[in-house]
Amino acid sequence: MSKRISATNGVLGLLCVMYFITYLDRVNIATAGAEIMRDFGMSKTDFGLILSAFAYPYAIFQVIGGSVGDKFGARRTLLACGVIWAAATILTGMVGGLVSLFLARVLLGFGEGATFPTATRAMQNWTAPGRRGFAQGITHAFARLGNAVAPPIVAFLIFHFGWRTSFVILGAVSFIWVAIWWLYFRDDPSDHPAITRAELDTLPPPRKVGAKQSVPWGALTRRMLPVTITYFCYGWTLWLFLGWLPSFFKENYSLDLKNSALFASGVFFAGVVGDTVGGMMSDAILHRTGKVKLARLSVIVVGFLGAAASLAGVFMTRDLTLVALLLSSGFFFAELVIGPIWSVPMDIAPKYAGTASGLMNTGSAVAAIVSPIVFGVIVDMTGSWTLPFVGSIGLCLLGAALAFTMHPEREFVDPAPPLNGRVGSVAAGE
C-alpha cells in the first residue's frame with residue numbers, strides 16, 4: 001500500500017503544478033507565434049512587442065504582489081492571481097488584432113506578477129530551511145517542464161483545433177487549479193487538517209496572515225539590489241529562449257511547426273534537469289559545509305559560466321543537431337542558477353520573503369521587457385538568428401561576477417526604530 005502524501009509534500013506538489021501551468025500559459029504564444037504573425041500580418045518586431053507586453057505589469061507587480069502576499073497570505077493572493085491569469089489566457093483566444101492581443105498579454109502579466117513571490121511566501125511557512133534549495137529547484141523545474149511540453153501540446157491543439165481554441169483550453173485548466181488551491185491550502189500549516197506534529201516540528205514559525213508589518217522598503221531594496229541585478233543577467237537569456245526558440249528553429253532551419261516544436265521542447269527539457277540538479281546541489285553543499293554563501297554562489301557561478309561557454313559554441317556551427325545540443329547545454333547551465341538564487345531572498349530576509357523575492361524577480365521581469373524586443377529588432381535588421389545570443393553570453397559572464405556581491409550568509413536586520421527624531425543605522429549585516 002502506498003504511503004499517504006504528507007501535507008508539506010501536498011502543498012509543494014500544488015505549487016509545482018502552479019509553476020507548470022503559469023509557464024504553459026505564458027509561453028504558449030511562442031509556439032503559436034508563426035500562426036499569429038501570419039493571421040495578423042505582424043513583423044518580428046511587432047511580435048517582439050507582443051511578447052514583451054506580458055512583462056510590463058509583471059515587473060510592476062513583482063514587489064507589489066510580493067508585499068500583498070506577505071500581508072494577506074498566499075491562499076487569497078494566489079486565488080485572485082489565478083482567476084486573472086486564467087481569464088487572460090482564454091481572452092487571448094478571442095483577440096481581433098495587435099492591440100487586443102497586446103492588452104490580453106498585459107492582463108496575463110498582471111495576473112502572474114505576484115505568483116512566484118507569493119509562492120515563496122508560502123514556501124517560507126511550509127518548507128524546512130534545509131530544503132529551500134530543493135523546493136525552489138523542483139518548483140522551477142516544473143516551470144521548465146511547462147516550457148518543454150508547451151510546444152508539442154500547443155502545436156497539437158493548433159493542428160486539431162486552431163490557435164484560438166488552444167488558449168481557451170489552457171485557460172480552463174488554470175481555473176481547475178485555482179479551485180483545488182483554495183480548497184487544499186492553508187497559510188498556517190497548523191491549520192491544515194492533514195498536518196502532523198512531526199512535520200510542524202521541522203517548519204519555521206509561520207507569519208500569521210494579517211499580522212501588522214511595516215516593510216523597510218529603502219533598506220530592503222538596497223540589500224536586495226545586487227540579487228536583482230544578478231537575476232536580470234539570468235532573465236535576459238531566459239526570456240530570449242522562452243519567446244523566440246520555436247521561431248528560431250522554424251525559420252532559421254526551415255522546419256515545420258511540428259519539428260520546430262519538438263526541437264524547442266528538447267531544449268526546455270534540459271532546463272527541467274538543470275532546475276532540479278541546481279537546487280539539490282545547493283542543499284547538498286549546505287548540509288555538508290554549513291556555509292550558505294558557498295552553497296548558493298558556487299552553483300550560481302558554475303551555471304552562468306557553463307551557459308556562456310555553451311552559447312558561444314552556437315556561433316561555431318550550422319549543424320542543426322549540434323546547435324540543438326549546445327542550446328540544451330546552455331539552458332541546462334542557466335537553470336542551475338534557479339534553485340540557489342531563489343533561496344537567497346529566503347536566506348537574506350525570511351521575515352519579508354515575498355517582498356524580497358519580488359524585488360529579486362523584478363530583474364527578470366525587466367529583462368522580459370527588453371530581451372524579446374531586442375531579439376526581434378536584431379533579426380529584422382540583420383537577418384541573423386544567432387547574433388542576438390551575443391548579449392546573452394556577455395550577461396552570463398557579468399552575472400557570474402556579480403554573484404559575489406549578494407551575500408546570502410548575512411541575514412537582513414530591520415533598521416533601528418527612530419530615536420530622538422533620527423533614524424537609526426542598519427545593522428552591520430545589511
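The values are calculated or read from the model by the stated rules, or taken from the named source; none is laboratory data. Being a predicted model, the structure only gives us computed values, none of them experimental. With ideal geometry, Cβ positions are generated from the backbone for all residues, glycine too; neighbour counts draw on all protein chains shown. Ligands, DNA and RNA are stripped out before the accessible areas are found, and what is left, the full protein with its side chains, is counted by its heavy atoms. Shrake-Rupley method; radii C 1.70, N 1.55, O 1.52, S 1.80 Å.
Out of the stretch 105-122, which residues are among the aliphatic types (A, V, I, L, M) and either surrounded by fewer than 24 Cβ atoms within 10 Å (Cβ to Cβ) or farther than 23 Å from residue 68 by Cα (or both)? Give the derivation first.
Narrowing the stretch 105-122 to residues among the aliphatic types (A, V, I, L, M): 106-108, 114, 119, 122.
Listed by number, the residues that qualify are 106, 107.
Scanning the stretch 310-342 for residues that are outside any helix (DSSP H, G or I) and either in contact with a Gly (Cβ under 9 Å, 6 or more places away or on another chain) or crowded, with 22+ Cβ neighbours inside 10 Å (or both) yields one hit, 337.
The residue that is farthest from residue 74 (Cα to Cα), counting only those in the stretch 365-404 that are buried (at least 24 other Cβ atoms within 10 Å of the Cβ) and of a type in the set (S, T, N, Q), is 392. Taken together, 172, 179, 198, 150 contain a single residue that is open to solvent by less than 30 Å² (accessible area, probe 1.4 Å) and either of a type outside the set (Val, Ile, Thr) or in contact with a Leu (Cβ under 6 Å, 6 or more places away or on another chain) (or both), which is 150. Just one of the listed residues (135, 155) is touching a residue at least 60 places away in the same chain (Cβ under 8 Å) and either over 22 Å from the mean Cα position of the chain (by Cα) or surrounded by fewer than 21 Cβ atoms within 10 Å (Cβ to Cβ) (or both), namely 155. The conditions are (1) touching a Cys at 6+ places or on another chain (Cβ under 9 Å); (2) surrounded by fewer than 17 Cβ atoms within 10 Å (Cβ to Cβ), and residue 307 fails exactly one of them. Which is it? The number of the failed condition is (2).
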